[in-house]
Amino acid sequence: MWHRSASFILDNQQQQRDDAVAAAAAKPESRLLSPTTTTRTSSMASTLQTQNPNPNISAYYQTRAAHHGVVTSDWLAQAQAAVGRHPDDIPLENSSSSSFKAGDLGKPFSVIDEFNNWRKQPDLAEAVAAIRALASVIRSSEATTMMELEIELKKASDSLKSWDTTSISLTAGCDLFMRYVTRTSALEYEDFNSAKSRLIERAEKFGEISYKARKIIAMLSQDFIFDGCTILVHGFSRVVLEVLKTAAQNKKLFRVLCTEGRPDRTGLRLSNELAKLDVPVKLLIDSAVAYSMDEVDMVFVGADGVVESGGIINMMGTYQIALVAHSMNKPVYVAAESYKFARLYPLDQKDMAPALRPIDFGVPIPSKVEVETSARDYTPPQYLTLLFTDLGVLTPSVVSDELIQLYL
């Protein structure tokens, strides 16, 4: 297990970060829209439904094409020093405006509506959208006691988790938010307003940490990407894209083999994004992984969830890629944010809630033919080399220790 400080990696880039912070301060306008602004200007986009439009198919996969911790003071200081205040950062405070404006119009506050407003931002992870929606619950609450506020926050969290019960990161993000925000001496304050202010402060801090997690992971992984290497990736992962984008910006020379990612072809999207960065990329059909593995120096995958054993739950096909890589002594690296750490312990492929997705084979399928529609598989920890997280670079065997501290 290596805990490489994110601020250590970026020491030689301090001057560039300071310049970026100064530029951001000089231009207060953010090119990313707040949920309120996004709501006003989203007439060309279809409005997201309050309820899951098709309960038979995972909501995650219905919207994937479109959207595709131990939070100690020491780690928080490292993370903030490493990432700094980036011009692209979305201030969490902006969400409060949408909540209060909705109330001003006589419309009752809805955590699902707030969640969907945040989800309209394509670069924002679903779990981070939930975290920021829960922060808005605290701001807009009319509770007069801490008990009432805690009950209201718990109901909002349960409502978000029930919106898509198959989303591991959504459930884990809500659980971690509740643990981090409510685990404070503010609950013992006699002054309710002071206690509520403390909760809002912690909620905003947790949201900022979660939003910056992707950048921190990209920084931590750079020492493992060397010039001339060939990287195999599977499907589309925003955190893996951030890792490769950072490597390209650091002028590293590498090429990428990208699986097609059938049946939703998310690999095509990733290959298009890499082509825009002028990264040499080669598209593979999924069944060509073993055929091409001898060209590969390392495998990089994302994760829908990281479980207690140190294994991961991810897009269908990850398990077989890890098996092939392991048999040919190729390292398999996982990039995953800490809000995807879930209190789950699957024993086999069937020991988890299925996330279904439609499959189009291009030809009619006889009614007597059964079709496997599960969207993800479980990769055991013995086939993984390292996990790059915003908590540090971890071996799979250390994940259970981190989970204990996260949920303690």
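The values are calculated or read from the model by the stated rules, or taken from the named source; none is laboratory data. In this text the structure is predicted, and so the values were computed from the model without any measurement. As a convention, Cβ positions derive from the backbone with ideal geometry for all residues, glycine included, and neighbour counts pool all protein chains shown.
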Of (1) within 28 Å of ASP264 (Cα to Cα); (2) touching a helix residue (DSSP H, G or I) at 6+ places or on another chain (Cβ under 7 Å), ASP390 satisfies all except one. Which? (1)
Against the condition at pLDDT below 85 and farther than 30 Å from TYR378 by Cβ, how does SER197 come out, does it pass? yes
Scan the range 350-379 residue by residue and report those that are in a loop (DSSP other than H, G, I, E, B), out of contact with any Pro (no Cβ under 9 Å at 6 or more places or on another chain) and surrounded by 10 or more Cβ atoms within 10 Å (Cβ to Cβ). ASP351, ALA353, PRO354, ALA355, ILE365
Give the residue that is surrounded by the most Cβ atoms within 10 Å (Cβ to Cβ), with candidates limited to residues of the range 135-174 that are among the β-branched types (Val, Ile, Thr) and assigned to a helix (DSSP H, G or I). ILE168
Picking from ILE209, ILE200, which residue would you name as being under 22 Å from ALA172 (Cα atoms) and crowded, with 24+ Cβ neighbours inside 10 Å? ILE209
Sole residue being β-branched (Val, Ile, Thr) and in contact with a Lys or Arg (Cβ under 6 Å, 6 or more places away or on another chain), chosen from VAL239, VAL279, VAL243: VAL239
Among the residues of the range 382-399, write down those that are touching a Gly at 6+ places or on another chain (Cβ under 7 Å) and surrounded by fewer than 20 Cβ atoms within 10 Å (Cβ to Cβ). SER397
